[in-house]
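Asker: Below: one structure in structure tokens.
The values are calculated or read from the model by the stated rules, or taken from the named source; none is laboratory data. None of the values given here were measured: they were computed from a predicted structure. Please note: Cβ atoms are built from the backbone with ideal geometry, for glycine as well, and neighbour counts cover all protein chains shown.
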Amino acid sequence: MSENGPEIGIGIVGGGYMGKAHAAAFASVATLFDTTLRPRLEMVCATSTASAERYRAAYGFARATDDWRVLVEDPKVEAIVIASPQETHKDIALAAFALGKPVLCEKPLAETPDDARAMVEAAEAAGVANAIGFNYMRTPATQFARKLIAEGRIGDVTSFRGEMTEDFYADPDAPASWRTSGDANGCMGDLAPHPINCAHALIGPITRLHAVVETVHAERGGVAVTNDDQAHLQVEFENGVSGSIFVSRIATGRKMGYAYDIYGTKGAIRFDGEDQNALWLYLAEGPEAERGFRKILTGPEHPDYLPFCQGPGHGTGYQDQIIIEAKDFLNAVASGTAVWPTFEEGLAVNKVVAACLASSRMGAWVSVADF
């Protein structure tokens with residue numbers, strides 16, 4: 001126990017891009033938020049002893065291992081963060097839950113809905129905190145958008161349009177890589193979970209959909225591409241709202257196109273992740289000649305902004321989203337109360353992804369409940 005509160009030993013499986021982000025988040029979260037639990041970077045796991053030791057030294061962990069089982073079973077590791085490839089998620093999570101240890105897992109939750117369902121059931125049986133890493137919905141702007149919609153500020157929602165567009169594979173001559181092989185690394189596996197989660201957060205569960213999933217560039221450097229470049233989704237929500245989602249890794253010029261337009265009977269909301277510290281709001285109020293979208297710069301009055309900065313318009317960034325995520329997870333562990341999104345949301349997203357792939361193969365509308 002530290003002088004400032006009880007410590008909790010954090011073990012992170014995976015030290016790469018997201019492992020580093022989570023390590024930085026747990027190292028700093030207690031200095032920004034008044035969390036009951038104060039994280040201690042106890043152990044990091046990587047695929048080799050050398051890389052694990054390198055991550056340990058770089059990120060400030062006490063110990064390192066190349067075996068995730070050693071990390072999960074260590075008594076000083078009291079909470080697990082899974083930042084490894086999705087095919088490893090199920091086994092790691094089930095082992096952690098069997099020992100009663102809470103888990104924060106990167107998206108997507110699992111390779112298949114069946115695996116995700118097993119993870120949800122294990123989490124429920126263990127009765128411990130579980131969370132999934134959908135960080136983009138945690139920006140102060142999107143949290144504020146969610147609040148505005150819930151409060152009815154734009155009236156009854158009539159339409160949703162979301163996207164996740166990037167251009168890291170826009171060049172047809174770019175060589176093949178691990179990204180061009182396997183469903184997990186295509187748009188539906190890699191990018192689509194984020195806007196699907198966004199749609200769930202802002203509008204509600206998706207019940208029916210029709211999808212067109214496309215491989216635009218069938219070969220790269222003479223190597224066959226086995227996954228998708230982009231996808232178009234038409235969706236229907238449980239509350240009767242309809243909408244669309246577009247996902248692409250070949251959207252030339254787009255770098256971080258996590259964006260949405262939401263229309264209601266009394267107003268509308270626009271957001272673009274390339275300008276993540278602004279929300280565009282239209283309210284059907286006042287004289288017609290004075291109406292228009294106004295740009296709201298996030299500041300201390302918006303959710304989870306003040307701990308980072310006292311100045312409106314100064315902004316938060318990508319790493320700050322991961323810190324907010326760490327805060328939510330620690331609060332769930334300390335309080336025993338779930339903080340959305342949990343593994344249940346991870347399963348819901350997995351089901352939508354599976355439904356999209358099936359819909360595209362069949363060329364038909366499908367029900368998400370069937371998956």
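Asker: I need the full set of residues from segment 1-29 which are in contact with a Leu (Cβ under 7 Å, 6 or more places away or on another chain) and in a loop (DSSP other than H, G, I, E, B), in order please.
Answerer: The answer is P6, and nothing else.
Asker: Tally time: how many residues in segment 283-311 are over 24 Å from the mean Cα position of the chain (by Cα), free of Cβ contacts under 8 Å to residues at least 40 places away in the same chain and part of a strand (DSSP E or B)?
Answerer: 2
Asker: Follow-up question, since we're still on this one. Looking at (1) more than 24 Å from G336 (Cβ to Cβ); (2) over 21 Å from the mean Cα position of the chain (by Cα), which is the only condition P75 fails?
Answerer: Tallying (1) more than 24 Å from G336 (Cβ to Cβ); (2) over 21 Å from the mean Cα position of the chain (by Cα), P75 fails exactly one: (1).
Asker: Right, something else. With respect to I324, determine if the residue is aliphatic (A, V, I, L, M), touching a Lys or Arg at 6+ places or on another chain (Cβ under 7 Å) and buried (at least 20 other Cβ atoms within 10 Å of the Cβ).
Answerer: Answer is yes for this residue.
Asker: Additional query: Of the conditions (1) in contact with a Pro (Cβ under 9 Å, 6 or more places away or on another chain); (2) surrounded by 19 or more Cβ atoms within 10 Å (Cβ to Cβ), V157 satisfies every one except a single condition; which number is it?
Answerer: Looking at each condition in turn, V157 falls short on (1).
Asker: A follow-up question, please. Please state which of the following conditions T139 fails to meet, knowing it meets all the rest: (1) over 21 Å from T337 (Cβ atoms); (2) in contact with a Leu (Cβ under 7 Å, 6 or more places away or on another chain).
Answerer: (2)
Asker: I want to confirm something. Restricting to segment 337-359 and keeping residues that are among the small types (G, A, S) and either assigned to a loop (DSSP other than H, G, I, E, B) or over 15 Å from the mean Cα position of the chain (by Cα) (or both), which single residue is surrounded by the most Cβ atoms within 10 Å (Cβ to Cβ)?
Answerer: A355
Asker: Inside segment 230-253, can you point out the residues that are over 20 Å from the mean Cα position of the chain (by Cα) and of a type in the set (D, E, K, R)?
Answerer: E236, E238
For (1) assigned to a loop (DSSP other than H, G, I, E, B); (2) closer than 21 Å to T139 by Cβ, each residue gets a yes or a no:
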position	(1), (2)
T158	no, no
G162	no, yes
D171	yes, no
H194	no, yes
R208	no, no
H217	yes, no
N227	yes, no
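Asker: Which ranges mark the strands (runs of 3 or more DSSP E) fully within segment 37-153 that have 2 or more residues being more than 23 Å from A332 (Cα to Cα) and not aromatic (F, W, Y)?
Answerer: Counting at least 2 such residues, we get 63-65.
Asker: For residues in segment 122-146 being more than 10 Å from the chain's Cα centre (by Cα) and of a type in the set (S, T, N, Q), which is farthest from A268 (Cα to Cα)?
Answerer: N130
Asker: For segment 175-187, does any single residue satisfy the condition of being modelled with pLDDT of 95 or more, of a type in the set (A, V, I, L, M, F, W, C) and in a loop (DSSP other than H, G, I, E, B)?
Answerer: So far as segment 175-187 goes, yes, one or more of its residues are modelled with pLDDT of 95 or more, of a type in the set (A, V, I, L, M, F, W, C) and in a loop (DSSP other than H, G, I, E, B).
Asker: Would you point out the residue of segment 30-52, among those that are without any contact (Cβ under 8 Å) to a residue 60 or more places away in the chain and touching a Leu at 6+ places or on another chain (Cβ under 6 Å), that is nearest to R69 (Cα to Cα)?
Answerer: The extreme case among them is C45.
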